[in-house]
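Enquirer: Could you have a look at this structure, given as structure tokens, before my questions?
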């Protein structure tokens, strides 16, 4: 009998291997990348000696960070190719053209991490970099992470800094007109040095409350109604506003997110389900519903909504990043 029980327990573990792992995953491990406090820069040699620097100004993404387990760190990052900037319009336009990045045909540069290797002074993040549709594995060398920092507003932040080197030709960024070699020197070097600093931020209740402070605006009004009179009062007002075309999808998202931060998960989920009915084709709406269910601890419902968010928008990297940890 004892042997049968042991075999039965082993079978349960084999059938449901993710059940125990799922308990360690929480939404507060995920940090949206804040581009305004981050940078992705590059430098490359010109004529063998001069150094030209540039940056990409527009990018977004999400990373997972567990202070107790750095090996679980992961990220999905999407860079807008058109946002390349080297402080010279002529050069920037050339870089965006077919000669180099061909930004019209390939509007995004993406990085998706796959694994982590710990070093004494930091860690390496190995992943797939896609430029011009060409996928190559690269290694990002990161300094030791900042850990979770609290700013003056009480928001939680994590900062990663690091570098990597790339051969631009590996990704078809050839710049043929600038590849000539004279006196043993290439006009534009093949090796590109990348330096980056990425800040992820989670807005906390003390700061986010400013978004719902004004109850004359839709988000503030809906939040106050639910807070003081319950879900039905907020739902009725939302339906009225929607019938009058006086609000967009963000009103309920903001109101519900404030409720989540206050621990009122049930009302937040119910509001966002209402939002889903009103805006059924919005990837962002489904992502926020998924986030609410995950915060509540219902990962089955969370997964369904994250999957729909990605289905509606295959470029929804935030949904994709969370999904690969709960599948």
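Enquirer: Within the range 136-180, how many residues turn out to be within 21 Å of residue 76 (Cβ to Cβ), touching a helix residue (DSSP H, G or I) at 6+ places or on another chain (Cβ under 9 Å) and free of Cβ contacts under 8 Å to residues at least 40 places away in the same chain?
Expert: Result for the range 136-180: 1.
Enquirer: Here's another thing I want to ask about it. Only one of (1) surrounded by fewer than 21 Cβ atoms within 10 Å (Cβ to Cβ); (2) more than 22 Å from residue 172 (Cβ to Cβ) fails for residue 80. Which number is that?
Expert: That leaves (2) as the condition not met.
Enquirer: Can you tell me which residue is surrounded by the most Cβ atoms within 10 Å (Cβ to Cβ) among those in the range 240-275 that are assigned to a helix (DSSP H, G or I) and without any contact (Cβ under 8 Å) to a residue 24 or more places away in the chain?
Expert: Once the filter is applied, the top-ranked residue is 272.
Enquirer: Is it the case that residue 311 is outside the structural domain of residue 27 (by TED's automatic domain parsing), crowded, with 17+ Cβ neighbours inside 10 Å and over 18 Å from residue 202 (Cβ atoms)?
Expert: It is false that residue 311 is outside the structural domain of residue 27 (by TED's automatic domain parsing), crowded, with 17+ Cβ neighbours inside 10 Å and over 18 Å from residue 202 (Cβ atoms).
Enquirer: Right, another one. Just give me the residues in the range 308-327 being free of Cβ contacts under 8 Å to residues at least 40 places away in the same chain, part of a helix (DSSP H, G or I) and closer than 13 Å to residue 60 by Cα, in sequence order.
Expert: Within the range 308-327, just 319 meets the criteria.
Enquirer: Further, regarding this structure: Among the residues of the range 197-239, write down those that are surrounded by fewer than 18 Cβ atoms within 10 Å (Cβ to Cβ) and part of a loop (DSSP other than H, G, I, E, B).
Expert: 204, 213, 214, 215, 216, 217, 230
Enquirer: Could you check the range 136-155 and list, in sequence order, the residues that are surrounded by fewer than 12 Cβ atoms within 10 Å (Cβ to Cβ) and either assigned to a strand (DSSP E or B) or not assigned by TED's automatic domain parsing to the domain that holds residue 173 (or both)?
Expert: 137, 150
Enquirer: I'd like the residue in the range 292-307 that is within 17 Å of the chain's Cα centre (by Cα) and closer than 23 Å to residue 239 by Cβ and, out of all such residues, is surrounded by the fewest Cβ atoms within 10 Å (Cβ to Cβ).
Expert: Within the range 292-307, the match that is surrounded by the fewest Cβ atoms within 10 Å (Cβ to Cβ) is 305.
Enquirer: Take the residues in the range 38-54 that are surrounded by fewer than 17 Cβ atoms within 10 Å (Cβ to Cβ) and either at pLDDT 95 or above or not assigned by TED's automatic domain parsing to the domain that holds residue 145 (or both); name whichever of them is nearest to the chain's Cα centre (by Cα).
Expert: 39
The values are calculated or read from the model by the stated rules, or taken from the named source; none is laboratory data. Given the structure is predicted, the values throughout are model-derived calculations rather than measurements. When we count neighbours, we look across all protein chains shown, and the Cβ atoms used for this are built from the backbone with ideal geometry, even at glycine.
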